[in-house]
Structure formats: C-alpha cells, structure tokens
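Q: Following this message is one structure expressed as structure tokens.
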Amino acid sequence: MENQMNLHIVGDNKIPILNNLINSKIDYLNSIKEAIDEHNYLLIYELLDSARYNEKIRQWPHADPNYFLSNMTETIQPELSEFLASKLLSFIRVHFPFLYFREIKTGVYEIIFGRWPSARTFGILDIIRIEFIFDEVAVNELKNYMDNPKSVEEQNAQLNELHRANQLYAAKKRSGSEADIERNNLAILKLEKDRAVLQLEREQIEKYSGSFQHFVDQAGNLYVDYLSEIQKENK
C-alpha cells in the first residue's frame, strides 16, 4: 500500500513537467499560426529550424535546435511549402532568371532549366529549407561542358566519326547499310540535341552568373540571400 502511495506521489510530481511540455508545444503551434496569418516569413523560417536560422542569419556560433517542436509541422509541410513558395519563387526569378518551376505535387517544385524545347529537369526546390536539390547527373554534365574544353572536342569527334560512318555506309550500299545509317542518324540527332541544350544552359549561366562556380556558390547561398532580402524589406 505504501509503495502504491509513493508511486502516486512520484506520478503527481511529474505533472508540472508534463504540463510544461504540452504548453510548449501549444505555444509553438500558436506561434506558427500567428506567423502565417501575419505573413511573417522570417519568423516562420526561424520556427521551422531555429538552429540554422540563428547560425546563418543571426550568425550565432552556438544555437540550440528546436527539432522536438518543429517536427510537429511534418504533416502540414506540403501545405506550408505551397504557402511559402510564391515569395521564394519571385526572389529566385530575379536572381536565377533561367530557372523555371513546375509544381509536381502539393508543395513540391521541380526545377526546369530554361524554356526552350528539350529543357532539362534540374532537380527539386526544397521550399522549407530554401535549398536547391540539383540532379547530380545534370549538374555534372553542365560543369564538364563548361569547365572542361576537352568535353566539347570529344563531342565534336563523336559527331565527326558518326558522319564518316554514314558516308562509308552510303558508299558501300550493302545489305543492312540503311539500318546502320538510320541508327547513326538517331545517334547524331541525340548528340546534336544534347550539345545544343548544354550550349543554351552555358550561355545563360555565363550571362547571369559569369561562371559555373559562381552559379554553384549563388545556389548554395540561397537560404542566406533570401532571408537577408526579407530582413531588408522589413526594415
């Protein structure tokens, strides 16, 4: 009986701690709701990841994370992303005018490089983290094309080889040569299309970012640049 009473007392002593935990979660969700109602984008992003915000924006060397609270927004993040997207996309259109976006599901935006035929999908925009998640294959192809002069020479050599093969097939006029020429023509068309797309991408990078590395640096600094711009607007 005495043990049961002791357990009861211990349980009662935990009630204030439990109430504090519940109240902190309620206060957090109320803060998120008020920030949304007031279109307070800075506060929303601070509430979503306080450690990152304090480190990158306030430049505090040590900042405690609030994951135990921000995890509560996980189930509403698609709708929250959709709410936050409009302002972020407007900022990106100014600083990365060659990037376009297509909402593929609620709050998820696919990155399209350019508006020309065969424009490539370049990855996903993470609205919550204000971050480009680029497709590594697409990025590496463009990097190689821009930074490695030999890649252009290799493409030209491939095309020349295919054209020479076509001439040989046409000269021989043997059985099956038409099928060989057709395969070569398809390969030539693909190479020429890929090269044209890469050249268009290169021109846009050089026009708006100067170099591929500067483009990468700009993209990596999206979080700081965007929230710093909002800070200026609020002053």
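Q: So if I average 1/r over every pair of distinct C-alpha atoms in region 13-76 and take the inverse, what Kirkwood radius in Å does that give?
A: Every distinct Cα pair counted, the radius reaches 12.7 Å.
Q: Please work out how much accessible surface TYR28 shows to a 1.4 Å probe, ignoring ligands, DNA and RNA, in Å² rounded to 10.
A: Answer for TYR28: close to 10 Å² accessible.
Q: Below 12 angstrom from the Cβ of SER31, what's the summed charge of the other residues (Lys, Arg +1; Asp, Glu -1)?
A: -3
Q: Further question: Between their Cα atoms, which of LYS33/LYS232; LYS87/LYS235; LYS143/LYS232; LYS56/LYS235 are more than 29 Å away from each other?
A: Violating the 29 Å Cα-Cα cut-off are LYS143/LYS232.
Q: Order TRP116, TRP60 by their accessible area, 1.4 angstrom probe, all chains in place, largest first.
A: Most to least solvent-accessible, the answer reads TRP60, TRP116.
Q: Provide the per residue accessible area, probe 1.4 Å, for region 13-76, rounded to a whole number of square angstrom.
A: Result: 68 Å² per residue.
Q: Of ILE133, ILE44, which has the most accessible area and how do the rest follow, probe 1.4 Å?
A: ILE133, ILE44
Q: Counting Lys +1, Arg +1, Asp -1, Glu -1, what net charge surrounds ALA85 among other residues with beta carbon under 15 Å of its beta carbon?
A: My count for the surroundings of ALA85 gives -1.
Q: What order do MET146, MET72 take when sorted by accessible area (1.4 Å probe), most exposed first?
A: The ordering from most to least exposed comes out as MET72, MET146.
The values are calculated or read from the model by the stated rules, or taken from the named source; none is laboratory data. None of these values were measured; they are calculated from a predicted model. Neighbour counts are summed over all protein chains in view; Cβ atoms, including those assigned to glycine, are modelled from backbone coordinates with ideal geometry. Just so you know, the surface numbers come from the protein's heavy atoms only, side chains and all, with ligands and any DNA or RNA stripped out. Shrake-Rupley method; radii C 1.70, N 1.55, O 1.52, S 1.80 Å.
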